[in-house]
Protein chains: 4
Amino acid sequence: MYRALVLSAHADSLIVMRRTVIGVMGSGENASPQAITWARQLGALIAAENWVLLSGGRNVGVMNAVSIGANQAGGLVIGVLHTPDAAEASDGIDVAIVTGMGSARNNINVLSSDAVIACGNAEGGTLSEIALALKAKKSVVLLTEDAEARQFLQRIGRGMLHIANSPEEAVALTRQLLEDTEDTEDTVQR
Amino acid sequence: MYRALVLSAHADSLIVMRRTVIGVMGSGENASPQAITWARQLGALIAAENWVLLSGGRNVGVMNAVSIGANQAGGLVIGVLHTPDAAEASDGIDVAIVTGMGSARNNINVLSSDAVIACGNAEGGTLSEIALALKAKKSVVLLTEDAEARQFLQRIGRGMLHIANSPEEAVALTRQLLEDTEDTEDTVQR
Amino acid sequence: MYRALVLSAHADSLIVMRRTVIGVMGSGENASPQAITWARQLGALIAAENWVLLSGGRNVGVMNAVSIGANQAGGLVIGVLHTPDAAEASDGIDVAIVTGMGSARNNINVLSSDAVIACGNAEGGTLSEIALALKAKKSVVLLTEDAEARQFLQRIGRGMLHIANSPEEAVALTRQLLEDTEDTEDTVQR
Amino acid sequence: MYRALVLSAHADSLIVMRRTVIGVMGSGENASPQAITWARQLGALIAAENWVLLSGGRNVGVMNAVSIGANQAGGLVIGVLHTPDAAEASDGIDVAIVTGMGSARNNINVLSSDAVIACGNAEGGTLSEIALALKAKKSVVLLTEDAEARQFLQRIGRGMLHIANSPEEAVALTRQLLEDTEDTEDTVQR
């Protein structure tokens, strides 16, 4: 599932291969200052890894901060909006996927991500995305100050949910998880 | 939001008004024996209240038990399936809503329910439905043996999530919640 | 796929088996007077066949007329709403399925229907439902005054789209299509 | 809605603004050789305009040809897949949006596109996308050999559906439609 940017040497072939997508999930209006600071850093770090950033795409909270952070660092940012148009899209988004599906789009966020980072409070839409990601067998990295959420979600995550203490640690964990997946796929293919 | 079955006295008017829908959410393959026993009882109790039962509609676990319980007690059962056909529908279902949307259909389950009862382990799809229900401002009644889940979810539920210790208590709580909603709506309308 | 209402003789078994669902698709605000008259009649005829009526559920146009027609004739009516709540539901609906998905819910309408009747102009949402039904290998009965639409859609329907000239003919065609499907399934099972 | 790629002069601001997205819709397995040739050319022309290409993302037919055409010309390609994983994604895709929603994803394709080009036969999923686009007030450019489809769809399109005779003409029409939209938005804002 881990894919690098590959510039082709042949005129007749593809210029770019499918990119690794990392979804960052977090609150909108209810995001804490800490979560927003982390999100901005996460965006920059994800761009530096040459991963595509996917978020819920709105112009508030974690969604907005992570999108602007990645955009300013030169990354490609996809916003998967719950609204039927892009009027409330974050300025940090390159491409808006407009679903018009309300919170049902949360499942698209996790299915489209090679790994999911949940940033801030594990409530509401973010909690649904953690749960949907685990159900879809996606690795989740949880970056939160909420000790009770950490404990509960790590138990039900059964090895698929990992705790990070900083944006740097979240990205390092994600890199490791992608490499583990790649190794598994290589093994399976042989 | 609470609606009773009304037989009209006029030949020219509606025979039935919109029905109250109660969604029961729970695991499929991973459901515990306790959860399945509870689900069967919940189905019968919901039918006795003349509420429509809505479930995820599959022929396993809580979804299957609650549907059969309600059907055998004479209730109307709607199954909202995640699959693109009804091949794996519970035999207890009267009407299959076939979404073909995978877990994105979980949001339809909660939006269509006047109140949501979560039965058994609060994990995977069930946890996503609890989270989506709270986000949509729906009352949730949680019937589980998992003390940690009770504590965490009650905290993040901020007064919208209620703990039950038995199917009877879950249905009594649901009845009270529907009446409270009705009172609020009456007050608002005046 | 054709299922009759079966009252069980055994106390321990199901009271009702899964019901046949017929979807009637048509315009809202843009519905013609002819389409609305037809829709009212279709609703009554569908109820008389003991089929469940499924519609887009709104309180305007064909959706509203067919729902009220079926309700007044004693039928069970399911409205699959595109909105995130039931504020604009037709009074003829027994059970509202609230999707909050906009026009993406059109695919649920057709997947949930054993056969689809398109009533009135084959445009906008209705045309999308005809197309989605044909893609999902569902039989479509088209009741419209638009000769050009009849000709174009019958050609691309490749034997799956049938033309009716009246509500009575539409229901007779639907009954025949359900019986043909049942025969095929019986043959396949042997 | 028309947005150009803007390189910022300020270190503290966004590097890229939201991109214009053009959706190209067409058949998979049933695509004609003519439609596939057109799709390949459309992809290259769309990339040359610096628009993002959005398609249904599968590795067959029009979806595959247009994606590879755009990729080889250096364009950014988004594939919105109907499947729950990316196993059948076209090699031409940069970013896979994985919906797992079946044909309900067709509405996402049109809502996410600033304009829609339908390439080849206007049947099945493609016809649903034309209808959903018109319902969502999106401009549609139709490139097809089917004279009957042209005539019927142009009539119901009421000025929103435009006929092209070649990929070059389709892209020129699309450019004009985007400029007209921009002018309207400018006028409205004043």
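Worth a mention:
- A single entry from D:79, D:75, D:102, D:43 fulfils the requirement of being of a type in the set (Gly, Ala, Ser) and at positive phi: D:102.
- Those residues of the stretch C:26-36 which are open to solvent by 60 Å² or more (accessible area, probe 1.4 Å) and assigned to a helix (DSSP H, G or I), in sequence order: C:33, C:34, C:36
- Residues (of a type in the set (S, T, N, Q) and open to solvent by 40 Å² or more (accessible area, probe 1.4 Å)) located in the stretch C:37-62: C:37, C:41, C:50, C:59
- Filter result for residue C:115 (more than 7 Å from every other protein chain (Cβ to nearest Cβ) and within 19 Å of residue C:166 (Cα to Cα)): yes
- Residues located in the stretch A:139-164, provided they are crowded, with 21+ Cβ neighbours inside 10 Å, assigned to a loop (DSSP other than H, G, I, E, B) and touching a Ser or Thr at 6+ places or on another chain (Cβ under 8 Å): A:139
- Matching option when the condition is among the charged types (D, E, K, R) and not in a loop (DSSP other than H, G, I, E, B), among B:19, B:40: B:40
- Filtered by the rule that a residue be closer than 16 Å to residue A:113 by Cα and at the interface with chain D (Cβ under 7 Å from one of its Cβ atoms), the stretch A:68-79 gives a lone residue, A:78.
- Verdict on residue C:104 being farther than 21 Å from residue D:149 by Cβ and either among the charged types (D, E, K, R) or buried (at least 22 other Cβ atoms within 10 Å of the Cβ) (or both): yes
- Odd one out for residue C:122, checked against (1) open to solvent by 10 Å² or more (accessible area, probe 1.4 Å); (2) assigned to a loop (DSSP other than H, G, I, E, B); (3) under 26 Å from residue D:137 (Cβ atoms); (4) within 13 Å of chain D (Cβ to nearest Cβ): (1)
- Test set (1) closer than 20 Å to residue A:107 by Cβ; (2) free of Cβ contacts under 8 Å to residues at least 24 places away in the same chain; (3) buried (at least 24 other Cβ atoms within 10 Å of the Cβ); (4) of a type in the set (D, E, K, R) - residue D:94 fails condition number: (1)
- The set of residues in the stretch D:13-41 being farther than 17 Å from residue D:91 by Cβ, of a type in the set (A, V, I, L, M, F, W, C) and in contact (Cβ under 8 Å) with a residue 60 or more places away in the chain consists of D:21, D:22, D:25, D:35, D:38.
- Failed criterion for residue B:170 (all others in (1) open to solvent by less than 30 Å² (accessible area, probe 1.4 Å); (2) free of Cβ contacts under 8 Å to residues at least 60 places away in the same chain; (3) assigned to a helix (DSSP H, G or I) hold): (2)
- Residue check, residue C:128 of a type in the set (Gly, Ala, Ser), more than 18 Å from residue C:46 (Cβ to Cβ) and open to solvent by less than 20 Å² (accessible area, probe 1.4 Å): yes
- When D:48, D:87, D:39, D:35 are checked against the criterion of being among the aliphatic types (A, V, I, L, M) and more than 16 Å from the chain's Cα centre (by Cα), a single residue qualifies: D:87.
- Single condition residue C:109 does not satisfy, out of (1) surrounded by 24 or more Cβ atoms within 10 Å (Cβ to Cβ); (2) more than 17 Å from residue C:20 (Cα to Cα); (3) within 12 Å of chain D (Cβ to nearest Cβ); (4) polar (S, T, N, Q): (2)
- Residue D:131 without any contact (Cβ under 8 Å) to a residue 12 or more places away in the chain, in a helix (DSSP H, G or I) and not charged (D, E, K, R): yes
- Evaluating residue D:65 against the criteria (1) within 8 Å of another protein chain (Cβ to nearest Cβ); (2) crowded, with 24+ Cβ neighbours inside 10 Å leaves one unmet condition, (1).
The values are calculated or read from the model by the stated rules, or taken from the named source; none is laboratory data. Just so it is clear, the structure is predicted and the values come from calculations on it, not from any experiment. Note that we place each Cβ from the backbone using ideal geometry, even for glycine, and neighbour counts take in every protein chain shown. SASA here: full protein model, heavy atoms, side chains in, ligands and nucleic acids out. Shrake-Rupley method; radii C 1.70, N 1.55, O 1.52, S 1.80 Å.
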